[in-house]
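> This is the structure I have questions about; it appears just below.
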Amino acid sequence: MNFDPVSICGILNEERVERRSVRAVTSVPIQTLVSPSIWHALQERSRTSGQSISQIVQMALADSLDVEHDAIFQVSTSGAIVQGLYQGCVSVAELRRHGDLGIGTFEDLDGEMILIDGRCYQARSDGVVVEAPDEALTPFACVVHFAPDSIADVTGVTSFADLTARIDRLRTSRNGMVSLRITGRFSRMLVRAACRTQPGMDLVEATARQSLFEFVDVPGTIVGFWSPEYTQAISIAGYHFHFISDDRAMGGHVLDLAASSLHVEVNDVNDVRLAIPETDAFLEADLNRDHSEALDIAQRQVRGQ
Ligand SMILES: [Zn+2]
């Protein structure tokens, strides 16, 4: 074939620096040559869609290689979990097909889920963390194939509110969803782990019986999501973080923290896939009520043992 190939590598890097004021990226750079006709088509698509060349190339590659990209896979809805619909409906094996990072819970609200590096952990209310078997079921989870778009180091973090205020400044939109991975040594980490409970006990009541654990000077990772207010009927609006220690022995739903230095990775997400449970309890429930106040209490309350 006779054409002058065009290298797109420089474009990928230039656009990232220009479009996102970040210090570095951790996505893998690729260098390839494309024909002038493909190059012109890429430029035209970028002009008409407003997407960067790198976004178009990444989406095209993901489509042709059958890789889910920038898509959150969520099981059930926040409204259902608030009402006590804790019957498992999707397996850990299935979740791991849809993502390598995520959070959730297990059947009967049996602890907190942390999916990290493709492995799924269960932080139980007795303080023990175990790797969840592939056949374990979840009634509510949110996972993604994590691919950071931007990173930042933050220092002198005094609290959960302080950390999330810093992350607010890293987010590029009030309306897009993001997944997050935050690593470092935590001088304080306060987590909860939900107790196994009876189906039908609502989430506020169930989390009032939760176990609390406070860890000191522990290296580990927070995984989680930020979702806009408009998603609150389905997602948990705002920040929702779960923690696991580097030795995978401590973990839970994050209530508060402090750290002298943290490495924050942010992944913008533009697609959400919702798995609607086919259980009788879900299909027959009244999910049209406003559950935002109950969900807020359940996410933040620190009552417990
Ligand atoms: Zn949680």
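The values are calculated or read from the model by the stated rules, or taken from the named source; none is laboratory data. Small disclaimer: the values here were computed from a predicted structure and weren't measured. Counting neighbours? That spans all protein chains shown, and the Cβs are built from the backbone with ideal geometry, glycine included. The accessibility values were calculated without ligands, DNA or RNA, using every heavy atom of the protein model including side chains. Shrake-Rupley method; radii C 1.70, N 1.55, O 1.52, S 1.80 Å.
> How many of the residues in the stretch 90-118 are touching a residue at least 60 places away in the same chain (Cβ under 8 Å), within 15 Å of the ligand (Cβ to nearest atom) and over 16 Å from the mean Cα position of the chain (by Cα)?
Residues that pass the stated criteria total 3.
Here is a yes/no grid of residues against (1) small (Gly, Ala, Ser); (2) at pLDDT below 85; (3) under 26 Å from Asp100 (Cβ atoms); (4) within 13 Å of the ligand (Cβ to nearest atom):
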| residue | (1), (2), (3), (4) |
| --- | --- |
| Glu214 | no, no, no, no |
| Asp217 | no, no, no, no |
| Ser227 | yes, no, yes, yes |
| Gly304 | yes, yes, no, no |
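> How many residues does the stretch 56-111 contain that are assigned to a helix (DSSP H, G or I) and closer than 17 Å to Ile234 by Cα?
The number of residues fulfilling the criteria is 5.
Yes/no matrix, rows are residues, columns are (1) away from the ligand (no atom under 16 Å from the Cβ); (2) assigned to a helix (DSSP H, G or I); (3) open to solvent by 70 Å² or more (accessible area, probe 1.4 Å):
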{"residue": "Ile244", "(1), (2), (3)": "no, no, no"}
{"residue": "His253", "(1), (2), (3)": "no, no, no"}
{"residue": "Leu257", "(1), (2), (3)": "no, no, no"}
{"residue": "His263", "(1), (2), (3)": "yes, no, no"}
{"residue": "Val266", "(1), (2), (3)": "yes, no, no"}
{"residue": "Asn288", "(1), (2), (3)": "yes, no, yes"}
{"residue": "Glu293", "(1), (2), (3)": "yes, yes, yes"}
{"residue": "Gln299", "(1), (2), (3)": "no, yes, no"}
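> Do you know which residues across the stretch 231-242 are within 16 Å of the ligand (Cβ to nearest atom) and over 12 Å from Ala193 (Cα atoms)?
Once the filter is applied, which keeps residues that are within 16 Å of the ligand (Cβ to nearest atom) and over 12 Å from Ala193 (Cα atoms), the stretch 231-242 yields Thr231, Gln232, Ile234, Ser235, Ile236, Ala237, Gly238, Tyr239, His240, Phe241.
> Moving on to the next point. Give, as residue ranges, the strands (runs of 3 or more DSSP E) completely inside the stretch 119-226 that count at least 2 residues that are open to solvent by 20 Å² or more (accessible area, probe 1.4 Å) and without any contact (Cβ under 8 Å) to a residue 24 or more places away in the chain. Can you show your working first?
Details: elements: 119-123, 129-131, 141-144, 150-157, 177-193.
In the stretch 119-226, the matching strands (runs of 3 or more DSSP E) lie at 119-123.
> Please work out if Arg124 is within 18 Å of the chain's Cα centre (by Cα), among the basic types (Lys, Arg) and within 22 Å of Gly252 (Cβ to Cβ).
In short, no.
> Can you pull out every residue in the stretch 155-181 that is over 25 Å from Asp100 (Cα atoms) and of a type in the set (S, T, N, Q)?
Matches in the stretch 155-181: Thr155, Thr158, Ser159.
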